[in-house]
1. Out of all the residues in the range 210-227, is one or more farther than 30 Å from GLY324 by Cα, in contact (Cβ under 8 Å) with a residue 60 or more places away in the chain and open to solvent by 50 Å² or more (accessible area, probe 1.4 Å)?
2. Considering only the range 296-303, I want to know if a residue exists there that is outside the structural domain of TYR194 (by the TED database), among the acidic types (Asp, Glu), part of a helix (DSSP H, G or I) and closer than 23 Å to ILE173 by Cα.
3. Search the range 1-13 for residues being charged (D, E, K, R) and at pLDDT below 95, and hand back the single one that is most open to solvent (accessible area, probe 1.4 Å).
4. Give me a count of the residues in the range 65-108 that are more than 20 Å from the chain's Cα centre (by Cα) and either assigned to a helix (DSSP H, G or I) or closer than 21 Å to ASN6 by Cα (or both).
5. Within the range 335-351, identify whether any single residue is on the phi < 0 side of the Ramachandran plot and in a helix (DSSP H, G or I), and answer yes or no.
6. Take THR369 and tell me if it is farther than 22 Å from HIS95 by Cα and free of Cβ contacts under 8 Å to residues at least 12 places away in the same chain.
7. Take the range 163-185 and flag every residue that is open to solvent by 10 Å² or more (accessible area, probe 1.4 Å), within 22 Å of THR309 (Cα to Cα) and in contact with a Phe, Trp or Tyr (Cβ under 6 Å, 6 or more places away or on another chain).
8. When the residues of the range 14-28 are filtered to those that are touching a His at 6+ places or on another chain (Cβ under 9 Å) and touching a residue at least 24 places away in the same chain (Cβ under 8 Å), which remaining residue is most open to solvent (accessible area, probe 1.4 Å)?
Amino acid sequence: MRSAINDSCIQLRRELHQIPEPGFAEVKTQNLLLTYLKRLPTHRIEIQTWRTGILVKIRGKSPKRRIGYRADMDGLPIVEQTNYPFRSQHEEYMHACGHDLHMAIAFGVLSYFVEHPIDDDLIIIFEPAEEGPGGALPMLASKEFHAWKPDVIFALHIAPEYPVGTIATRPGILFANTSELFIDLHGKGGHAAYPHQANDMVIAASQLAIQLQTIVSRNIDPLDSVVVTIGKMSAGTKQNIIADHARLEGTIRTCSMESMEQVKQRITSCVQGIETGLNCRANIDWGANYCQVFNEETWTHSFMNWVKTNTSYQLIECKEAMTGEDFGYFLQEIPGFMFWLGVETPYGLHHPKIEPNEEAIPIAIELMTQYIQSL
């Protein structure tokens, strides 16, 4: 039975990989998952849809609590450059963060417990829009989620840097607090030959980008962990036209909410300074904000000890990472943890050439089914 589940999950992963979709637009993804769910025996499962997400309850034999397991669903706006025969069929979108594997593993865990029920109820959560604008907070607030709210919750994230068969986690903070950053600067356009008659937003954006890079080096405790990155700048329409508008897009990542607020205050001050100094108008949009993924210590220690004692997998107590994950919102309300799953590929997360090793799928299914059975 386990082998049949593995084969089905690998096939599901490949089908999901071909249809990556933006957050809250995972229509094909939801339909494909529902198609697979309908193939399972129905005597023990209940299904709810929420927007483009899905919640599945596997009824326990004598439930006293609900155990939750979450997988995310959306893709990324990336043009795929893998060698897969099952490459993305959606132009300019790709499952480059492993959500296709996450869903396939969750389906495998679900499939196993339909045939091998435990005493407690198991809630499998397929969450949309993790990459943005964020599905966790609105899902947590939904009546569908509250009807089946778990008492404990788990999740994993693929890790390209670790070998297959490696599990990495830590108690406490695992992933950082994150905030998107969008800054629009508005001045006055004009002819390149008459700069004194215009107000050049290329200059304003350039000065601001440099100023923002001083925040971490000159305003944050050197022993703290903070990242401010401007990943995209755009301005102008032609080489001989002075730009009346410029836009900076970036990200902020911190290991504490106090540092996040400090960074945002400094960014606001820098932007106000550019407005005054260069006589322009500016607007800041903080976009999607994710809280830190903070693993509950008792559950995490117990899981780590269980992996070391009961499996042959390599367990690593890793350092915290500056990656972001809205699973942190689940952990604010429900005790539990997230861990890294080794998929051994030379290309990192969000890279157009990332090809996670599918051998990690059956490993994760076996790990989580055995662990949940042990609770």
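1. Checked the range 210-227: no residue is farther than 30 Å from GLY324 by Cα, in contact (Cβ under 8 Å) with a residue 60 or more places away in the chain and open to solvent by 50 Å² or more (accessible area, probe 1.4 Å).
2. Looking for residues that are outside the structural domain of TYR194 (by the TED database), among the acidic types (Asp, Glu), part of a helix (DSSP H, G or I) and closer than 23 Å to ILE173 by Cα, one finds at least one in the range 296-303, hence yes.
3. ASP7
4. 5
5. Checking the range 335-351: not a single residue is on the phi < 0 side of the Ramachandran plot and in a helix (DSSP H, G or I).
6. no
7. Selection gives GLY165 alone.
8. If we take residues in the range 14-28 being touching a His at 6+ places or on another chain (Cβ under 9 Å) and touching a residue at least 24 places away in the same chain (Cβ under 8 Å), then GLN18 is most open to solvent (accessible area, probe 1.4 Å).
The values are calculated or read from the model by the stated rules, or taken from the named source; none is laboratory data. Please read these numbers as outputs of a predicted model, since none were measured by experiment. Counting neighbours? That spans all protein chains shown, and the Cβs are built from the backbone with ideal geometry, glycine included. Side chains included, ligands, DNA and RNA excluded: accessible areas come from the protein's heavy atoms. Shrake-Rupley method; radii C 1.70, N 1.55, O 1.52, S 1.80 Å.
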